[in-house]
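First up is the structure itself, then whatever we jot down about it.
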Amino acid sequence: MRAPFALVALAALAFAQAAAAQDHSHHGHGMEAEAPTPAPVSGAAPQMAIDPDCPPEHAAMGHCVPKAMPAEPEAPAAGQASAPSAPTAHYADRIWGAEAMAASRAELKKHHGGGSFSQVMVDIAEVALRRGRETYRWDAEGWFGGDVDRLVVKTEGEGAFGEAFEGGEVQALYSRAIDPYFNVQAGLRQDVGPGPSRSYASIGIEGLAPYWFDVEGQLFLSDKGDLLARLGAYYDQRITQRLVLQPRAEVNLAAQDMAPERIGSGLVDAELGLRLRYEVVREVAPYLGVSWERQFGRTARLTRARGDGTGGFTFVAGLRTWF
């Protein structure tokens, strides 16, 4: 008799548990929880915004009907959003007035950007013993202006002590920055010294090439229609904080013969130099060096016809300075 009684008791207990589970299911507290709402997948269409007056739990119970809300716009990808506008937080205008503060801001800009500056660089000022003569030479430039537009004046020349001045040139150029490292320059060149006095229109480019080479190229068109070209470069190799080795090179070319100036067409001349300077201070640096010069082609033949040499090695001593 005990076995049938036990079976009846177990069946009654199972029926009671099933009834209890069914009774709590409509209140959301059943044994099986609702499946969570899946998170939106990246790149999927934007979801409808939730009506704050009818949250999902109230809508599920039938207490309210949610209103249609506009879809939230999808955020742009990183790096694709437009840049914000620059702020103009001129709060001092409220106290001092816009006119008074405009003058102050102009003065601030003058000293911290958009200002005018100047420099004079004497790259070569040297003496040498060349073919039994004591000679001198200079190569310098100065500029005035800002970061983009400048007025540049260049000059170079040479001669021998106790003799007539051999010749030189002066250039006045407008310089315009075309990128952070290079400037385009255009203007006038005037030759000075004995012989024909020539004027030239000049255009060229100068700047800092990769690996810190200072390079320059110019074209000159004379008032007689003669076309000349010049290419140059140098490099400052710092050995110590004060000792600097500077190799430099320059070539000159002509498109035609220029008999009065004793210049032949083609490659006119070339120079290679090596100078070692010691910077007492950055602005003052005496140097010693060696220079090799050579004329070529028709120019060399014209020079030999006058009984002069066409080039060679020369030891030089000079001073490099700037201010």
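Data overview
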quantity: Filtered residue count, the range 231-274, keeping only those that are over 15 Å from D214 (Cβ atoms) and part of a strand (DSSP E or B); calculated: 15
quantity: Residue pairs meeting the criteria (Cβ under 6 Å; at least 6 apart or on separate chains; first of a type in the set (S, T, N, Q), in the range 213-240; second open to solvent by less than 50 Å² (accessible area, probe 1.4 Å) and at pLDDT 95 or above); calculated: Q218/S202; Q218/G204; Q218/R230; S222/Y200
quantity: Residues (surrounded by 17 or more Cβ atoms within 10 Å (Cβ to Cβ) and of a type outside the set (K, R)) located in the range 277-301; calculated: E279, A285, Y287, G289, S291, E293, Q295, F296, T299, A300
quantity: Complete set of residues in the range 220-246 that are touching a Leu at 6+ places or on another chain (Cβ under 7 Å), surrounded by 15 or more Cβ atoms within 10 Å (Cβ to Cβ) and over 19 Å from F296 (Cα atoms); calculated: F220, L221, L245
quantity: Boolean, V184 is open to solvent by 30 Å² or more (accessible area, probe 1.4 Å) and not in a loop (DSSP other than H, G, I, E, B); calculated: yes
quantity: Residue identified as of a type in the set (F, W, Y), more than 31 Å from the chain's Cα centre (by Cα), more than 30 Å from S291 (Cβ to Cβ) and modelled with pLDDT of 70 or more among Y91, Y136; calculated: Y91
quantity: Looking only at the range 45-59, and only at residues there that are in a loop (DSSP other than H, G, I, E, B) and within 15 Å of A75 (Cα to Cα), the one that is modelled with the highest pLDDT; calculated: A49
quantity: Test: E126 is free of Cβ contacts under 8 Å to residues at least 40 places away in the same chain, among the acidic types (D, E), in contact with a Lys or Arg (Cβ under 9 Å, 6 or more places away or on another chain) and not in a helix (DSSP H, G or I); calculated: no
quantity: Hits in the range 98-113 (condition: in a helix (DSSP H, G or I) and not charged (D, E, K, R)); calculated: A98, A100, M101, A102, A103, S104, A106, L108, H111
quantity: Number of the exception - R304 against (1) open to solvent by less than 20 Å² (accessible area, probe 1.4 Å); (2) farther than 30 Å from Q119 by Cβ; calculated: (1)
quantity: Candidates V65, V8 - the one that is among the β-branched types (V, I, T), at pLDDT below 55 and either open to solvent by 80 Å² or more (accessible area, probe 1.4 Å) or in contact with a strand residue (DSSP E or B) (Cβ under 7 Å, 6 or more places away or on another chain) (or both); calculated: V8
quantity: Subset of the range 232-253 [more than 17 Å from G318 (Cβ to Cβ) and either polar (S, T, N, Q) or at pLDDT below 95 (or both)]; calculated: Q237, T240, Q241, N252
quantity: Residues located in the range 152-181, provided they are open to solvent by less than 70 Å² (accessible area, probe 1.4 Å), hydrophobic (A, V, I, L, M, F, W, C) and either touching a Phe, Trp or Tyr at 6+ places or on another chain (Cβ under 8 Å) or touching a residue at least 40 places away in the same chain (Cβ under 8 Å) (or both); calculated: V152, V153, A160
quantity: Y200 being over 22 Å from V152 (Cα atoms) and hydroxyl-bearing (S, T, Y); calculated: no
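This table checks each residue for (1) open to solvent by 50 Å² or more (accessible area, probe 1.4 Å); (2) out of contact with any strand residue (DSSP E or B) (no Cβ under 8 Å at 6 or more places or on another chain); (3) within 21 Å of T314 (Cα to Cα).
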{"residue": "G204", "(1), (2), (3)": "no, no, no"}
{"residue": "A209", "(1), (2), (3)": "no, no, no"}
{"residue": "A255", "(1), (2), (3)": "yes, no, no"}
{"residue": "S265", "(1), (2), (3)": "no, no, no"}
{"residue": "R275", "(1), (2), (3)": "no, no, yes"}
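The values are calculated or read from the model by the stated rules, or taken from the named source; none is laboratory data. Here the structure is a predicted model, which is why all the values come from computation and not from measurement. When we count neighbours, we look across all protein chains shown, and the Cβ atoms used for this are built from the backbone with ideal geometry, even at glycine. Surface areas here come from the heavy atoms of the whole protein model, side chains and all, with no ligands, DNA or RNA. Shrake-Rupley method; radii C 1.70, N 1.55, O 1.52, S 1.80 Å.
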